[in-house]
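The values are calculated or read from the model by the stated rules, or taken from the named source; none is laboratory data. Not measured: the values here are computed from a predicted model. Note: ideal-geometry Cβ built from the backbone for every residue, glycine included; neighbour counts use all protein chains shown. Heavy atoms of the whole protein, side chains included, go into the accessibility calculation; ligands, DNA and RNA do not. Shrake-Rupley method; radii C 1.70, N 1.55, O 1.52, S 1.80 Å.
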Amino acid sequence: MRIDVLTIFPGYFAGPLDTSLVATARARGAVDVRLHDLRDWTTDRHRSVDDAPYGGGAGMVMRGDVLVAAAESVWNDLPPSATVGTAAAPADVDGAPPRYVAGGPRPRTVVFTPRGRPLTQALVRELADEDRLVLVCGRYEGIDERVHELVATDEVSLGDYVLMGGEVAAAAMVEAVVRLLPGVLGNAASAAEESFEGGLLEHPLYTRPPELRGRTVPPVLTSGDHAAVAAWRRARAEERTRAVRPDLLDGTGGAGPEEV
Ligand code: 6GU
């Protein structure tokens, strides 16, 4: 899979992309993540990506022209020079029309915004099946509405709280998608996932030592009775889900029929 990330803070992703499983997946070629600095598509001396809102009001709005130019470049593998400052659709190096244009057919393109639909494991699974993802990180108070219309195929929020930008959400999505790509998790882990009873929070886990500050391990876990262990885990998972995420049980929302 290829993932392109458009952001004004490409440096933000150094940690998430170079750590742990995501770094290993990239080194193995399971995923090709490319970072793009949105300022490469600006036209003015100050490299502005934002401007005041029409109609007035507080805060700044991310410019549609910059975001459309950046998206068309990245979708078509064209350099910024091919799309910067173009009001019309770009032509590629041979003068041929581009394959992908704003408002037309385009790769799966996620715009991160608190007004989007929440990121769930169901959406992560769907996105993990794509050959390409383009992730657009918003900043400031919002994004020109025409970007939502012409660039986004999906609008996604990390949850019901306000961040300063979409970078954290994009990093979360990369990590969630990459761990589902073929060959990224070990066999044991993927098998465990398949056999997991759906729709519940995880049961409690224990490892050594057998006693910690006077607290012992539930005896069933050391009984060697696999059926009893499975029943105990299932009961604890249901208990916990009912207590903290009843929405997962009643089908009115949440992550849907997926393990969380
Ligand atoms: Cl994707 N962006 C911002 N700015 N705030 C958020 C969010 C995204 N998701 C939840 N809060």
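Structural remarks
- For the chain, DSSP calls about 20 percent of its internal beta bridges antiparallel.
- Cα centroid of the range 1-58 to Cα centroid of the range 59-120, whole Å: 13
- Scanning the chain for trypsin sites (Lys or Arg not before Pro) lying in DSSP loops with no more than 10 further Cβ atoms inside 10 Å, the longest uninterrupted stretch between such sites is 46-212.
- Cα-based helix-to-principal-axis angle, 226-244 vs the chain, degrees rounded to 10: 50
- Förster-model FRET efficiency, 25 Å R0, Ser48 and Ala14, C-beta, rounded to 0.05: 0.55
- When the chain is treated as a Gaussian network with alpha carbon springs shorter than 10 Å, the biggest mean-square fluctuation among Val229, Val147, Val217 belongs to Val217.
- For the range 1-92, the fraction of 1.4 Å probe accessible surface lying on carbon and sulfur atoms is 54 percent.
- Largest to smallest in accessible area, the residues Phe9, Phe112 fall in the order Phe9, Phe112 (1.4 Å probe, all protein chains included).
- Relative contact order of the chain, defined on C-alpha pairs under 8 angstrom at six or more residues apart (%): 19
- Think of each Lys and Arg Cβ as +1 and each Asp and Glu Cβ as -1; about the Cα centre, that makes the dipole of the chain roughly 720 debye.
- Helix 167-178 axis, angle to the chain major axis (alpha carbon atoms, nearest 10°): 60
- Selected from Ala27, Ala91, Met60, residue furthest toward positive end of dipole (the range 1-159; charges at beta carbon): Ala27
- Choice from Met62, Met173, Met164 showing the highest fluctuation, given a GNM over the chain with Cα pairs closer than 10 Å: Met164
- Maximal additional length on extending the Leu212-Met60 stretch stands at 49.5 nm, based on 0.36 nm per residue less the C-alpha distance.
- Cα shape, the range 123-176, gyration tensor, a/c 1.5 rule: oblate
- Using a Gaussian network model of the chain in which every pair of alpha carbons under 10 angstrom is joined by a spring, one finds that among Val162, Val177, Val124 the greatest mean-square fluctuation is at Val162.
- When both bridge partners sit in the range 1-94, DSSP labels roughly 25% of those beta bridges antiparallel.
- Extension gain, Arg39 back to Arg146 (0.36 nm per residue minus Cα-Cα distance, nm): 36.6 nm
- C-alpha long axis of helix 64-76 to longest principal axis of the chain, angle in °: 70
- Within the shell of other residues whose beta carbon sits under 12 angstrom from the beta carbon of Ala152, the net charge comes to 0, with Lys and Arg scored +1 and Asp and Glu -1.
- Three-way shape call for the chain based on the alpha-carbon gyration tensor, with the a/c threshold at 1.5: prolate
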